[in-house]
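Here is the structure we will look at, set down as structure tokens.
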Amino acid sequence: MQQQDRPPVYYSEYLQLEKILNAQHPESSKEGLQADDEMLFIIIHQAYELWFKQILFELDLVRKVFRQPQISNSSADIYNSVHRLKRVCRILEIAVNQMTIMETMTPLDFLDFRDLLRPASGFQSIQFKMIEAALGLQFEHRFGQGYYLSQLSQQDIDRVKKAESEQSLLSLINAWLERMPFANSTSYWPAPQTFWSQYRKAYASSLREGEASNLQNFDTLFHSQEQYPEGRSLSFAASQNALFIMLYRDFPLLHLPFELLSTLLEVDELLSLWRHRHIHMVQRTIGKRTGTGGSTGADYLQKAANSHYIFKELAELTSFLLPRTLLPKLPETVAAKMGFDQD
């Protein structure tokens with residue numbers, strides 16, 4: 001269709017404002033009660049769901065990039081993925097700060113309509129469960145598994161299970177890290193294990209009294225693939241390459257991979273901030289009362305927040321970092337392959 005043949009676009013029609021602005025139906029109004037803050041309550045949660053939809057959209061685009069069997073260093077894919085994940089971070093910042101608006105509603109304001117909402121609950125947010133699944137939170141790592149799906153319709157249970165059956169971003173990042181040749185490939189190193197032996201020696205000498213267990217953990221994760229613990233989200237090769245990226249991030253070829261790992265950690269941090277801000281708001285609003293959906297309220301949220309860290313294995317790698325002055329110097333052949341001037 002030619003540009004001049006397109007019908008004119010009208011602002012309210014384009015944004016479907018008639019639907020959006022008429023989608024608030026307070027339960028208190030249906031009962032003939034005055035509960036003025038229920039309108040705020042509805043709009044805030046609708047805004048959350050719109051932002052959750054955008055987060056899922058961004059995550060789907062990022063996962064599409066990492067589903068590729070190979071990602072060229074000369075492509076824009078990694079940059080664009082970092083850009084989209086940073087956008088997710090900015091959206092999550094809005095989600096955290098939006099609690100400030102919710103907190104203008106006092107406990108008495110909420111009690112004016114709270115009982116009318118049962119058994120509906122924010123715990124029934126399908127999109128938030130889908131975000132967690134898309135990022136990499138596995139069902140077996142969820143707190144309260146018996147309650148997790150019990151409050152949902154069958155249609156929504158199916159949506160969540162479908163999201164959990166798809167390959168998560170964490171799984172895709174693991175595969176991407178495994179393919180990297182930096183830390184464990186004979187095409188980069190005559191003997192990769194020589195580097196890890198040198199690094200272990202330097203790391204051991206840097207530890208202070210009371211940090212002896214760090215060396216044991218280092219040996220567990222980086223010494224032998226055969227001894228690598230089962231059940232981890234990151235494989236032996238992925239952990240090695242992720243640590244190598246963190247250590248030698250100043251090399252041009254590692255700039256964007258480091259930005260990617262850092263942004264994933266920021267996503268986890270902001271999700272944690274959102275959960276804890278939610279906990280404090282619930283404690284402030286309903287104290288120790290149960291949630292409208294039947295959960296134990298703030299206590300349930302606290303236990304879930306303590307266990308729902310998705311990229312914690314990446315975060316743990318910072319325990320094994322060294323100051324730049326102690327890093328083993330890379331062979332010239334390896335350093336050259338991580339610069340811009342490559343043959």
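Listed by first and then second residue, the pairs with beta-carbon distance under 6 Å, at least 6 apart or on different chains, first residue in segment 31-43 and farther than 15 Å from A95 by Cα, second in a helix (DSSP H, G or I), are A35/S28; D37/D109; E38/S28. Would it be correct to say that A191 is modelled with pLDDT under 90, surrounded by fewer than 17 Cβ atoms within 10 Å (Cβ to Cβ) and more than 14 Å from F244 (Cβ to Cβ)? Yes. Checked against the criterion of being out of contact with any Gly (no Cβ under 8 Å at 6 or more places or on another chain), in a helix (DSSP H, G or I) and of a type in the set (K, R), the candidates R208, R200 yield just one match: R200. The helices (runs of 4 or more DSSP H) found entirely in segment 130-195 that carry 2 or more residues being in contact (Cβ under 8 Å) with a residue 60 or more places away in the chain, under 17 Å from L234 (Cα atoms) and in contact with a Leu (Cβ under 7 Å, 6 or more places away or on another chain) are 169-179.
Just give me the residues in segment 220-236 being exposed (fewer than 13 other Cβ atoms within 10 Å of the Cβ) and either of a type in the set (G, A, S) or part of a helix (DSSP H, G or I) (or both), in sequence order. Outline the logic, then answer.
The first filter runs over segment 220-236 and keeps only residues exposed (fewer than 13 other Cβ atoms within 10 Å of the Cβ), leaving 220, 224-227, 229-231.
Residues satisfying the conditions are T220, S224, G231.
Look at segment 207-221: where a residue is modelled with pLDDT of 90 or more and a partner is part of a helix (DSSP H, G or I) and charged (D, E, K, R), sitting 6+ places away or on another chain with Cβ atoms under 8 Å, you get L215/R200; F218/R200; D219/R200. Of all residues in segment 313-336, those satisfying the criterion of being over 19 Å from S206 (Cβ atoms) and at pLDDT 95 or above are E313, L314, A315. In segment 50-75, the residue that is nearest to K19 (Cα to Cα) out of those that are at pLDDT 95 or above and of a type in the set (A, V, I, L, M) is L50. Regarding S239, is this residue of a type in the set (S, T, Y), surrounded by 20 or more Cβ atoms within 10 Å (Cβ to Cβ) and either touching an Asp or Glu at 6+ places or on another chain (Cβ under 9 Å) or at pLDDT 95 or above (or both)? Criteria met by S239.
Applying the criterion of being more than 16 Å from I42 (Cβ to Cβ) and surrounded by 15 or more Cβ atoms within 10 Å (Cβ to Cβ) to the residues of segment 107-126, the residue that is nearest to the chain's Cα centre (by Cα) is I126.
Condition check: surrounded by 12 or more Cβ atoms within 10 Å (Cβ to Cβ), within 30 Å of L56 (Cα to Cα) and basic (K, R). Does R249 satisfy that? Judged against the criteria, R249 is a match. If I go through segment 276-301 residue by residue, how many of them are buried (at least 18 other Cβ atoms within 10 Å of the Cβ), under 24 Å from the mean Cα position of the chain (by Cα) and at pLDDT 70 or above? Residues that pass the stated criteria total 4. If the condition is being closer than 21 Å to R277 by Cα and in a loop (DSSP other than H, G, I, E, B), then segment 67-105 contributes E103, T104, M105.
The values are calculated or read from the model by the stated rules, or taken from the named source; none is laboratory data. Please read all numbers here as calculations on a predicted model, not as lab measurements. Glycine gets a Cβ as well: all are built from the backbone with ideal geometry, and neighbour counts include every protein chain shown.
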